[in-house]
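Student: Below are the structure tokens for one structure; questions will follow.
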């Protein structure tokens, strides 16, 4: 009889603990990762971009930067149609290894452009010297613009 009462007490205790929880569970909000388009849209709202912008294709990414389609899952890349003034690239890499490789390729692009502009366009050279590549997890950015510091700040605010 004592065993039966002990089992009954245990059962009732377990039942009362689960029944009393009531209300909502305190589940932490799941952080969602931003999309490349979301980041770009925030930048385009906050910074005045040139009117004559060309949106780059997957083929352009490979031709201009050496970034192949298997290295990323999404991207947004634009250039000023009239020359070197503005170049914005935001990429979500397929892996951390690819993020590092993409960053190296974009840094090579900046170095190459600096070499081209050093004597040709001192103004553009100064813009390039203030530009850099940022890696945040799988996301990689390169902003070549007079407003690159503000773009870097907006990009980094998502992480």
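Student: Take the residues of the range 43-70 that are in a loop (DSSP other than H, G, I, E, B) and loosely packed, with under 13 Cβ neighbours inside 10 Å: which is modelled with the lowest pLDDT? Write out each step before concluding.
Tutor: Restricting attention to the range 43-70, the residues satisfying the condition of being in a loop (DSSP other than H, G, I, E, B) are 47-52, 56-57, 66-68.
The next check asks that each one be loosely packed, with under 13 Cβ neighbours inside 10 Å; those that pass are 48, 51-52, 57.
Values: 48: 87, 51: 82, 52: 85, 57: 96.
Step by step, filter the range 43-70, then rank; the result is 51.
Residues checked against (1) free of Cβ contacts under 8 Å to residues at least 24 places away in the same chain; (2) in contact with a strand residue (DSSP E or B) (Cβ under 7 Å, 6 or more places away or on another chain); (3) exposed (fewer than 15 other Cβ atoms within 10 Å of the Cβ):
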| residue | (1), (2), (3) |
| --- | --- |
| 115 | yes, no, yes |
| 118 | yes, no, yes |
| 123 | yes, no, yes |
| 126 | yes, no, yes |
| 138 | no, yes, no |
| 144 | no, yes, no |
| 149 | yes, no, yes |
| 152 | yes, yes, no |
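Student: Would you mind stating whether residue 40 is under 14 Å from the mean Cα position of the chain (by Cα), surrounded by 12 or more Cβ atoms within 10 Å (Cβ to Cβ), at pLDDT 80 or above and farther than 21 Å from residue 157 by Cβ?
Tutor: So residue 40 fails the test.
Student: Name the residue that is modelled with the lowest pLDDT, counting only residues in the range 85-101 that are within 19 Å of the chain's Cα centre (by Cα) and closer than 26 Å to residue 48 by Cα. Walk me through it before giving the result.
Tutor: Taking the range 85-101 as the starting set, the residues that turn out to be within 19 Å of the chain's Cα centre (by Cα) are 86-101.
Keeping just the survivors that are closer than 26 Å to residue 48 by Cα gives 86-92.
Working: 86: 88, 87: 92, 88: 94, 89: 97, 90: 98, 91: 98, 92: 98.
Ranking the candidates gives 86 first.
Student: Another question, then. Does at least one position in the range 97-112 carry a residue that is touching a helix residue (DSSP H, G or I) at 6+ places or on another chain (Cβ under 9 Å) and on the phi > 0 side of the Ramachandran plot?
Tutor: The answer is no; no qualifying residue exists.
Student: Can you tell me how many residues in the range 128-156 are over 18 Å from residue 49 (Cβ atoms) and either in a strand (DSSP E or B) or in contact with a helix residue (DSSP H, G or I) (Cβ under 9 Å, 6 or more places away or on another chain) (or both)?
Tutor: Looking only at the range 128-156, we keep the residues that are over 18 Å from residue 49 (Cβ atoms), and these are 129, 132-140, 156.
With the extra rule that they be either in a strand (DSSP E or B) or in contact with a helix residue (DSSP H, G or I) (Cβ under 9 Å, 6 or more places away or on another chain) (or both), the set shrinks to 129, 132-140.
The number of residues fulfilling the criteria is 10.
Student: State the number of residues belonging to the range 104-113 that are surrounded by fewer than 19 Cβ atoms within 10 Å (Cβ to Cβ) and touching a strand residue (DSSP E or B) at 6+ places or on another chain (Cβ under 6 Å).
Tutor: Summing the residues that are surrounded by fewer than 19 Cβ atoms within 10 Å (Cβ to Cβ) and touching a strand residue (DSSP E or B) at 6+ places or on another chain (Cβ under 6 Å) in the range 104-113 gives 1.
Student: Something else: Name the pairs: first residue in the range 98-113 and more than 21 Å from residue 145 (Cβ to Cβ), second residue in a helix (DSSP H, G or I), Cβ to Cβ under 6 Å, at least 6 apart or on different chains?
Tutor: Sorted first by the residue in the range 98-113, then by its partner, the pairs are 98/71.
The values are calculated or read from the model by the stated rules, or taken from the named source; none is laboratory data. Everything numeric in this text was worked out from a predicted model, so none of it was measured. Here Cβ is always computed from backbone atoms with ideal geometry, including for glycine, and neighbour counts include all displayed protein chains.
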